[in-house]
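For reference, the structure is listed below as structure tokens.
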Amino acid sequence: MIKQRLLVWLFCLFGGTTLHAKQLISSNCEPLVENAGAIETVRHAQGLLWKITREEGVSNYLFGTIHVSDPEITNLPDVVDQALHNSEQFVMEALPDAEQMLQFSRMMFFNDGQRLSELVERSIYNKTRSILSSYHLGSEAVSVMKPWAAFLLMNYPPDSGDALDLVLLSLAKQNGASVSGLESLQEQAGIFSQLNMDEQVKLLTDTVCHYDVVEEDFSAMKSFYLKRDLAGLYNYAQRHTMSNQPVYKKLMQKLINDRNTIMAERMQPILKQGNSFIAIGAMHLAGEEGVLALLEKKGYRVSAIF
């Protein structure tokens, strides 16, 4: 599953005034710049747990997650735990079964003799190895990792415990609920693997150049999430304006808007059946093109209950 930490980073890359006056590690690094624009009013601004109902009276829950293992987040509030416990079906973005995990892992690495060190500047490669060492990846594994995979991984905290999505999955199974996914891990990996090599190298280089910002962002994101402040999370994510470079426009379209549409459509038979608990990334919920707005367009009533 694609974690929301990554989505925030992609929203935050470039804008209008220089953010850091520091020495960058490579001549390929572009400085981050701040956005002086106004804060947006965001539709469905507050709440993580939403009740989804139709006129027929069938109801379901939709819960916004963040893919981390921090106990402050994984210790569920009673209202969320009760909603999950009372649901007959649990649905997440992608069900991480053994076969899918194996295929996803295979997609992350070169098997044709290519080496990451041959694709990126030496200083970027050395910093990549250093960052990924905290994920218990040795030099040999990093050397054959595709740029998109290194980029994706280093945008997640190097947590050792089960992330929130997996905690929910485990609890649902304990409760006897059936479990399923809206997407496959291969579909998610395909968003990145379909990028050409120059685009992949660009993403990795920008992340490595500004890894200090990647690390700093999490505490702010956690604070917004614990306050159930989707508007705050949304606006914080856009505190820097993205560049007009095609790779970021293309990736954000595929990561958020396109997937919002796909997930809302694939929810339809689940929602019609009723009594389901659906967990997707919190960044997919709010906004005019968010999943909640898309469900309203399909005739559902959405109401925040936590």
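Among the residues of segment 209-234 satisfying the criterion of being aromatic (Phe, Trp, Tyr) and modelled with pLDDT of 85 or more, which is farthest from the chain's Cα centre (by Cα)?
Looking at the filtered set, the residue picked out is 211.
If I ask for residues that are within 16 Å of residue 87 (Cβ to Cβ) and either assigned to a loop (DSSP other than H, G, I, E, B) or without any contact (Cβ under 8 Å) to a residue 40 or more places away in the chain (or both), which ones from segment 174-205 would you list? Talk me through it step by step, then tell me what you get.
The first filter runs over segment 174-205 and keeps only residues within 16 Å of residue 87 (Cβ to Cβ), leaving 174-182.
Across segment 174-205, the qualifying residues are 174, 175, 176, 177.
Would you call residue 237 crowded, with 19+ Cβ neighbours inside 10 Å, of a type in the set (Gly, Ala, Ser) and modelled with pLDDT under 90? Walk me through it before giving the result.
Numbers: crowded, with 19+ Cβ neighbours inside 10 Å: yes; of a type in the set (Gly, Ala, Ser): yes; modelled with pLDDT under 90: yes.
It is true that residue 237 is crowded, with 19+ Cβ neighbours inside 10 Å, of a type in the set (Gly, Ala, Ser) and modelled with pLDDT under 90.
Per-residue answers, yes or no, for (1) of a type outside the set (Lys, Arg); (2) within 27 Å of residue 108 (Cβ to Cβ); (3) in contact with a Cys (Cβ under 6 Å, 6 or more places away or on another chain):
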site	(1), (2), (3)
173	no, yes, no
181	yes, yes, no
195	yes, yes, no
201	yes, yes, no
222	no, yes, no
232	yes, no, no
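Filter segment 192-201 for residues that are under 15 Å from residue 246 (Cβ atoms) and surrounded by fewer than 20 Cβ atoms within 10 Å (Cβ to Cβ); which is modelled with the lowest pLDDT?
194
Taking segment 118-143 as the search range and keeping residues that are assigned to a loop (DSSP other than H, G, I, E, B) and either crowded, with 17+ Cβ neighbours inside 10 Å or of a type in the set (Val, Ile, Thr) (or both), which one is nearest to the chain's Cα centre (by Cα)?
Residues of segment 118-143 that are assigned to a loop (DSSP other than H, G, I, E, B), as a first pass: 119-121, 134-138.
Then drop every residue that is not either crowded, with 17+ Cβ neighbours inside 10 Å or of a type in the set (Val, Ile, Thr) (or both), which leaves 119-121, 137.
Details: 119: 26, 120: 25, 121: 27, 137: 21 Å.
Only one residue tops the list, namely 137.
Looking only at segment 265-274, decide whether some residue is at pLDDT 95 or above, within 26 Å of residue 193 (Cβ to Cβ) and among the aliphatic types (A, V, I, L, M).
yes
Quick check on residue 106: is it farther than 30 Å from residue 151 by Cα and surrounded by fewer than 21 Cβ atoms within 10 Å (Cβ to Cβ)?
Numbers: farther than 30 Å from residue 151 by Cα: no; surrounded by fewer than 21 Cβ atoms within 10 Å (Cβ to Cβ): yes.
It is false that residue 106 is farther than 30 Å from residue 151 by Cα and surrounded by fewer than 21 Cβ atoms within 10 Å (Cβ to Cβ).
Could you tell me whether segment 284-298 includes any residue that is crowded, with 17+ Cβ neighbours inside 10 Å, part of a strand (DSSP E or B), modelled with pLDDT of 95 or more and out of contact with any Cys (no Cβ under 6 Å at 6 or more places or on another chain)? Reasoning before the result, please.
Going residue by residue through segment 284-298, those that are crowded, with 17+ Cβ neighbours inside 10 Å are 284-287, 290-295.
After this cut, where a residue has to be part of a strand (DSSP E or B) as well, the list is none.
No, every residue in segment 284-298 fails to be crowded, with 17+ Cβ neighbours inside 10 Å, part of a strand (DSSP E or B), modelled with pLDDT of 95 or more and out of contact with any Cys (no Cβ under 6 Å at 6 or more places or on another chain).
Of all residues in segment 139-156, count the ones that are among the aliphatic types (A, V, I, L, M) and over 11 Å from residue 125 (Cβ atoms).
First pass over segment 139-156, keeping only residues among the aliphatic types (A, V, I, L, M): 141-142, 144-145, 149-150, 152-154.
Of the ones still in play, those that are also over 11 Å from residue 125 (Cβ atoms) are 141, 144, 149, 152-154.
So the count comes out to 6.
Name the single residue that is nearest to the chain's Cα centre (by Cα) among those in segment 37-71 being over 18 Å from residue 264 (Cβ atoms) and crowded, with 22+ Cβ neighbours inside 10 Å.
66
What's the number of the only condition in (1) at pLDDT 95 or above; (2) touching a helix residue (DSSP H, G or I) at 6+ places or on another chain (Cβ under 7 Å) that residue 130 fails to meet?
Result: residue 130 fails condition (2) only.
If I go through segment 52-76 residue by residue, how many of them are in contact with a Leu (Cβ under 8 Å, 6 or more places away or on another chain) and of a type outside the set (A, V, I, L, M, F, W, C)?
Adding up the residues that qualify gives 9.
Can you name every residue in segment 72-117 that is assigned to a helix (DSSP H, G or I), within 30 Å of residue 202 (Cβ to Cβ) and within 23 Å of the chain's Cα centre (by Cα)?
Going residue by residue through segment 72-117, those that are assigned to a helix (DSSP H, G or I) are 72-74, 78-85, 98-108, 116-117.
Subset that is within 30 Å of residue 202 (Cβ to Cβ): 100-108, 116-117.
If the condition is that a residue be assigned to a helix (DSSP H, G or I), within 30 Å of residue 202 (Cβ to Cβ) and within 23 Å of the chain's Cα centre (by Cα), then 100, 101, 102, 103, 104, 105, 106, 107, 108 are the ones that fit.
The values are calculated or read from the model by the stated rules, or taken from the named source; none is laboratory data. These figures come from a predicted structure and were not determined experimentally. Virtual Cβ from ideal backbone geometry, glycine too; neighbours counted across all protein chains shown.
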